[in-house]
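See below for the structure under consideration.
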């Protein structure tokens, strides 16, 4: 299974993602609450996949996506977005995001999306 980094400013979202991913047999190797921390942890931990929230303080998800992709062009990044952020999702996919998941979370969709990317 995959080593995953969760980057989200919401403690609740990080907790839900951790429970769903670990329940599916993945390992959460780290958590960050903003994009800046997420890039630093990516460089340190070299996870197989990153879940990356779009709306965060300090550095948003689109900026963090760019930073991680500059570090590793092959990075697998799943963007997390609230409903109604379609323009930002389209931009994220164009900039190299692998896929996206919308809030509120559905466990089955999270597991299916992650498993498809880490096969």
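Summary table below
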quantity: Residues satisfying the stated conditions in region 62-119, i.e. exposed (fewer than 14 other Cβ atoms within 10 Å of the Cβ), touching a strand residue (DSSP E or B) at 6+ places or on another chain (Cβ under 6 Å) and within 22 Å of residue 36 (Cβ to Cβ); calculated: 82
quantity: Residue within region 21-29 that is out of contact with any helix residue (DSSP H, G or I) (no Cβ under 7 Å at 6 or more places or on another chain), more than 17 Å from residue 88 (Cβ to Cβ) and surrounded by 16 or more Cβ atoms within 10 Å (Cβ to Cβ) present; calculated: no
quantity: Qualifying residue in region 38-45 (condition: buried (at least 17 other Cβ atoms within 10 Å of the Cβ), farther than 10 Å from residue 8 by Cα and under 12 Å from the mean Cα position of the chain (by Cα)); calculated: yes
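Quick note: the coordinates plus some simple rules give every number you see, no bench work behind them. Please read all numbers here as calculations on a predicted model, not as lab measurements. For neighbour counting, all protein chains shown are included, and Cβ atoms are generated from backbone atoms with ideal geometry for every residue, glycine included.
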